[in-house]
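Trainee: Have a look at the structure that comes next, please.
What follows draws every value from the coordinates through simple rules; no lab data is involved. All values reported here derive from a predicted model rather than from experimental measurement. With ideal geometry, Cβ positions are generated from the backbone for all residues, glycine too; neighbour counts draw on all protein chains shown.
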Amino acid sequence: MRHLIDIMDLSVEELDEMIAVAKDIIDNPEKYAHKCDGMKLATLFFEPSTRTRLSFEAAMYELGGNVLGFSEAQSSSAAKGESVSDTIRTVGCYADIIAMRHPKEGAPVVGTRRSTVPVINAGDGGHNHPTQTLTDLLTISREKGRLNNLTIGLCGDLKFGRTVHSLISAMSRYDNVKFVLISPEELKVPEYLKEEVIIRNGLECEETTDLEKVMPELDILYMTRVQRERFFNEQDYLRLKDSYILTPEKLETAKEDLSILHPLPRVNEISVEVDDDPRAVYFKQVLNGKFIRMALILKLLNK
Ligand code: CP
């Protein structure tokens, strides 16, 4: 039985295979419409979500399966003190596969220890978000036609941004990828990630606070939200929240074939005027999230 806790649980060959399956689902949805007939996905969301939970649910319905679950901890027995481990063990009696989001880093790993069914980490605190990374990889692959030979700018909250951490780990395994890390000093990529992924693998990397300076270099611009829920101090959040706001003017020096991604939700960091720019692909990215989660469900259920 396989779980997905960290994007590094999947080999590059498996990533490429899942991207290929997702593309086949897009081209031939009828082939997949009954693959999960009679099966159930449980979505256990102890933290808010729109895209991840609903795309998982849409994915399972489109595979012919059904869905059960909860969307807030307060409506589950976690509110009475039940452990994550007991919750997962219980839900495994009702469902064939579980997708869970939890505010505590490492909670999905704890959930796997006594689980009788595959568990998917749908985001754990500021740690990892592997299915967002699968979504990002499918989007980059569809937009650019490759996952190598790319300069990727990651901008915003690189400290708490779990989607950033997972994406750096995943992209570090493809050839000739350069990272440009754009953040305020206080929200830089954690040292452990720099040392264990970027430095250890000898990857090219530039750190800056200046988005406009590096804009002309970028093939991908991955914008992120400064996450209020991760700050201990409201003053710090208010000071940093509008550090970067992408506008049409700031894109004037960007490449014509730049792709602008954002895991969403957005608050202020991309002005709505940018949405009409053909380089803005973040709503295509939302749709890709459903297709790649269909591919993931199939893989973990051996379908
Ligand atoms: N990208 C993402 O994880 O969005 P949600 O928080 O809406 O699931």
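Trainee: Arranged from highest to lowest average of other beta-carbon atoms within 10 Å per residue, in what order do the peptides 71-77, 165-171 appear?
Mentor: Working: 71-77: 14.0, 165-171: 24.9.
Descending mean neighbour count gives 165-171, 71-77.
Trainee: So for the stretch 67-162, Kirkwood radius off the Cα pairs, Stokes-Einstein at 20 °C and 1.002 mPa s: how many µm² s⁻¹?
Mentor: On the way: Rh = 15.3 Å.
The calculation lands on 140 µm²/s.
Trainee: Oh, and also: Could you work out, for the stretch 130-286, what percent of all Cα-Cα pairs fall into each 10 Å distance bin, beginning at 0 Å and stopping at the bin that holds the largest distance?
Mentor: So the P(r) values, bin by bin, are 11, 44, 37, 8, 0.
Trainee: Which cross-chain or sequence-distant (5 or more) residues have an amide H under 5 Å from the amide H of Leu4, H modelled 1.01 Å from N in plane?
Mentor: Amide H neighbours of Leu4, under 5 Å, 5+ apart: Val119, Ile120, Asn121.
Trainee: Tally Lys/Arg at +1 and Asp/Glu at -1 over every other residue whose Cβ is under 11 Å from the Cβ of Val84; what's the total? List each step's numbers first, then the result.
Mentor: Values: positive: Arg89, Lys104, Arg113, Arg114; negative: Glu82, Asp86, Asp124.
It works out to a net charge of +1.
Trainee: Suppose a student asked you for the relative contact order of the chain, using Cα pairs under 8 Å spaced at least 6 residues apart; what percent would you report? The partial results should precede the final answer.
Mentor: Values: 577 pairs, mean separation 60.2, N = 303.
Result for the chain is 20 percent.
Trainee: Rg/Rh for the stretch 118-200: what does it come to with C-alpha atoms and Rh from Kirkwood?
Mentor: 0.96
Trainee: If you don't mind, another one. Taking only pairs that are 8 or more places apart or on different chains, how many Lys pairs in the stretch 130-286 have Cα atoms under 24 angstrom apart?
Mentor: Summing the qualifying lysine pairs gives 28.
Trainee: Compute the projected area of the convex hull of the Cα atoms of the stretch 1-63, averaged over all viewing directions, and report it in nm² to one decimal place. Intermediate results must be reported in sequence, preceding the final value.
Mentor: Working: hull surface 21.5 nm².
The directionally averaged projection comes out at 5.4 nm².
Trainee: Given N residues in the chain, what is Rg(Cα) / (2.2 N^0.38 Å)?
Mentor: Details: Rg = 18.9 Å, N = 303, 2.2 N^0.38 = 19.3 Å.
Here the Cα radius of gyration is 0.98 times the empirical estimate.
Trainee: Also, quick follow-up: Neighbouring Cβ atoms within 10 Å as the yardstick, rank Tyr32, Tyr174, Tyr222 fewest first. Present the calculation step by step, with values, prior to reporting the outcome.
Mentor: Numbers: Tyr32 20, Tyr174 17, Tyr222 30.
Ascending number of Cβ neighbours within 10 Å: Tyr174, Tyr32, Tyr222.
Trainee: Sequence neighbours fewer than 8 away in the same chain don't count; with that in mind, list the aspartates and glutamates whose C-alpha is under 20 Å from Lys80.
Mentor: Those aspartates and glutamates meeting the cut-off are Glu47, Glu72.
Trainee: Say R0 is 22 Å: what FRET efficiency, to the nearest 0.05, do Phe283 and Ile245 get from their beta-carbon distance?
Mentor: Values: r = 19 Å, r/R0 = 0.85.
The formula returns an efficiency of 0.75 here.
Trainee: Using unit Cβ charges (K, R positive; D, E negative) and no other charged atoms, how large, in debye to the nearest 20, is the dipole of the chain about its Cα centre? Write down the numbers at each step before the final one.
Mentor: Working: 38 positive and 48 negative charges, 237 e Å.
The calculated dipole for the chain is roughly 1140 debye.
Trainee: From Cα pairs below 8 angstrom and at least 6 apart in sequence, can you work out the relative contact order of the stretch 130-286, rounded to a whole percent? Let's see the in-between values first.
Mentor: Details: 260 pairs, mean separation 38.7, N = 157.
In percent, rounded to a whole number, it is 25.
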